[in-house]
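Asks: Below you will find the structure I want to go over with you.
The values are calculated or read from the model by the stated rules, or taken from the named source; none is laboratory data. Note that the structure is predicted; figures quoted are calculated from it, not measured. Methodologically, a virtual Cβ is constructed for each residue, glycine included, from the backbone with ideal geometry; neighbour enumeration extends over all protein chains shown. All accessible areas refer to the heavy atoms of the entire protein, side chains included, with ligands and DNA or RNA removed. Shrake-Rupley method; radii C 1.70, N 1.55, O 1.52, S 1.80 Å.
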Amino acid sequence: MKLASLNEGRDGKLLVVSKDLSRAVMVEGIAPTMQAALDDWHRTAPRLEEIYRALNAGEASGAFDVDVSRLASPLPRAFQWADGSAYVNHVELVRKARGAQMPESFWSDPLMYQGGSDSFIGPREDILAASEDWGIDFEAEIAVVTDDVPMGVTPERAGEHIKLLMLVNDVSLRNLIPGELGKGFGFFQAKPASAFSPVAVTPDELGAAWDGARVHLPIQVHFNGERFGHPQAGVDMTFDFPRLISHAARTRFMEAGSIVGSGTVSNYDRSLGSCCIGEKRMLETLDAGEPSTPFMRFGDRVRIEMHDADGRDIFGAIDQQVREYRP
């Protein structure tokens, strides 16, 4: 099943979207918003599935053509956005580029930060920044959306709480990160609003590419129309999604609609490229002593998407341009 949110009101209006992403139906009689559907998932999911089957068969009443420009992120805002760093290879590169050793615990205890979730930007909305000097960067990731997760859930049971998957552009302001982390209190200004794919999908939509813990497909990133990276999301993922959820829920309950991100997808196979400029600059520093790829400038565009084994678009594309923000 594929779900989206029409960009109307703070929490959008829930849509069921066809498998080929071309048609949609509003389902206010079942759940007015994505959050409402997740709050009562055991009741709403079967009814939404019925609509989905009818839509794909061309039998759903009230169906209309999808205009991606009118879609918000599937959850326009969420009760929680916790982003991990599951690809420890990426973390290792960051530290190696600045000559720092990586603690051994990073291989057994996930890194995670709590991002702002009061407002996400839509998959086709501009990335706003007041200055290019902030070091504007994209980060292509995968995220899962949960139902209610009990505190202390084990990795063996955490996967049961994964209800939806999405793609993410976790926008980062690289030049603000060192100062914030130097304070010893984590990210804030360096992590503005993230964007998510036009649709969120139930795990069964991924077929054999979803093993209950990882997505075994490449994530495609194009920067200004040129391929930037296409690493395999299921490869080199040190901490899978059930492990990340268990880590997040160690000391707290997680409410339905919580989003948990994978962190930047990254492979040891460098021929597959990168999912962020920061990683490419790290590799350039290690190879040549200094980076040569600049961070994003006003007018630059990034596109993030994923296709199945037959080349069909799964989530729709995040396609965003950087624009100067003038208060």
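Asks: Which one of Val168, Val144 is in contact with an Asp or Glu (Cβ under 9 Å, 6 or more places away or on another chain) and assigned to a strand (DSSP E or B)? So that I can check it myself, show each step before the final result.
Replies: Numbers: Val144 fails: in contact with an Asp or Glu (Cβ under 9 Å, 6 or more places away or on another chain).
None of the other options fit; the residue is Val168.
Asks: Same structure again: Taking interchain pairs and intrachain pairs at least six residues apart, which have beta carbon atoms under 7 angstrom, with the first residue in region 55-68 and touching a residue at least 60 places away in the same chain (Cβ under 8 Å) and the second in a loop (DSSP other than H, G, I, E, B) and open to solvent by 80 Å² or more (accessible area, probe 1.4 Å)?
Replies: Val68/Arg124
Asks: Continuing with the same structure: Just to verify a result, which residue in region 12-56, among those that are under 21 Å from Ile162 (Cα atoms), charged (D, E, K, R) and in a loop (DSSP other than H, G, I, E, B), is least open to solvent (accessible area, probe 1.4 Å)?
Replies: If we take residues in region 12-56 being under 21 Å from Ile162 (Cα atoms), charged (D, E, K, R) and in a loop (DSSP other than H, G, I, E, B), then Asp40 is least open to solvent (accessible area, probe 1.4 Å).
Asks: Across region 57-91, what is the number of residues that are open to solvent by 40 Å² or more (accessible area, probe 1.4 Å), among the charged types (D, E, K, R) and touching a strand residue (DSSP E or B) at 6+ places or on another chain (Cβ under 8 Å)?
Replies: Here the count works out to 2.
Asks: Would you mention how many residues in region 291-327 are in a loop (DSSP other than H, G, I, E, B), open to solvent by less than 60 Å² (accessible area, probe 1.4 Å) and within 19 Å of Val168 (Cα to Cα)?
Replies: Keep residues of region 291-327 that are in a loop (DSSP other than H, G, I, E, B), which gives 291-295, 297-300, 306, 308-312, 314-317, 325-327.
Retained after the next criterion (residues that are open to solvent by less than 60 Å² (accessible area, probe 1.4 Å)): 291, 293-295, 299-300, 306, 308, 311, 314-317.
Applying the additional criterion that residues be within 19 Å of Val168 (Cα to Cα) yields 295, 300, 306, 308, 314-317.
The number of residues fulfilling the criteria is 8.
Asks: Select from region 178-199 the residues that are touching a residue at least 24 places away in the same chain (Cβ under 8 Å), surrounded by fewer than 20 Cβ atoms within 10 Å (Cβ to Cβ) and not in a loop (DSSP other than H, G, I, E, B) and list them in ascending order.
Replies: None - no residue of region 178-199 is touching a residue at least 24 places away in the same chain (Cβ under 8 Å), surrounded by fewer than 20 Cβ atoms within 10 Å (Cβ to Cβ) and not in a loop (DSSP other than H, G, I, E, B), so the list stays empty.
Asks: Given (1) of a type in the set (Gly, Ala, Ser); (2) open to solvent by less than 10 Å² (accessible area, probe 1.4 Å); (3) farther than 17 Å from Asn169 by Cα, identify the lone condition not met by Ala213.
Replies: In the conditions (1) of a type in the set (Gly, Ala, Ser); (2) open to solvent by less than 10 Å² (accessible area, probe 1.4 Å); (3) farther than 17 Å from Asn169 by Cα, Ala213 misses (2) alone.
Asks: If I go through region 92-142 residue by residue, how many of them are open to solvent by 20 Å² or more (accessible area, probe 1.4 Å), touching a helix residue (DSSP H, G or I) at 6+ places or on another chain (Cβ under 7 Å) and among the hydrophobic types (A, V, I, L, M, F, W, C)?
Replies: Counting residues in region 92-142 that are open to solvent by 20 Å² or more (accessible area, probe 1.4 Å), touching a helix residue (DSSP H, G or I) at 6+ places or on another chain (Cβ under 7 Å) and among the hydrophobic types (A, V, I, L, M, F, W, C) gives 8.
Asks: Considering every residue within region 150-158, establish whether at least one is of a type in the set (Ser, Thr, Tyr), over 30 Å from Ala309 (Cβ atoms) and either assigned to a strand (DSSP E or B) or open to solvent by 40 Å² or more (accessible area, probe 1.4 Å) (or both). Steps first, answer last, please.
Replies: Looking only at region 150-158, we keep the residues that are of a type in the set (Ser, Thr, Tyr), and these are 154.
This time we only want the ones that are over 30 Å from Ala309 (Cβ atoms), so: 154.
Applying the additional criterion that residues be either assigned to a strand (DSSP E or B) or open to solvent by 40 Å² or more (accessible area, probe 1.4 Å) (or both) yields 154.
Checked against the condition, which is being of a type in the set (Ser, Thr, Tyr), over 30 Å from Ala309 (Cβ atoms) and either assigned to a strand (DSSP E or B) or open to solvent by 40 Å² or more (accessible area, probe 1.4 Å) (or both), region 150-158 yields at least one hit.
Asks: Do the conditions hold for Ala233, that is, is it at pLDDT 95 or above, within 30 Å of Glu49 (Cα to Cα) and exposed (fewer than 13 other Cβ atoms within 10 Å of the Cβ)?
Replies: When the stated conditions are applied, Ala233 does not pass them.
Asks: Select, from Ala63, Ala54, Ala82, the only residue that is at pLDDT 95 or above, closer than 30 Å to Arg281 by Cβ and among the hydrophobic types (A, V, I, L, M, F, W, C). If you could, list the steps in order and put the result at the bottom.
Replies: Working: Ala63 fails: closer than 30 Å to Arg281 by Cβ; Ala54 fails: closer than 30 Å to Arg281 by Cβ.
Sole residue among the options that is at pLDDT 95 or above, closer than 30 Å to Arg281 by Cβ and among the hydrophobic types (A, V, I, L, M, F, W, C): Ala82.
Asks: Which ones in region 200-235 are free of Cβ contacts under 8 Å to residues at least 60 places away in the same chain, under 17 Å from Glu139 (Cβ atoms) and assigned to a loop (DSSP other than H, G, I, E, B)?
Replies: His230, Pro231
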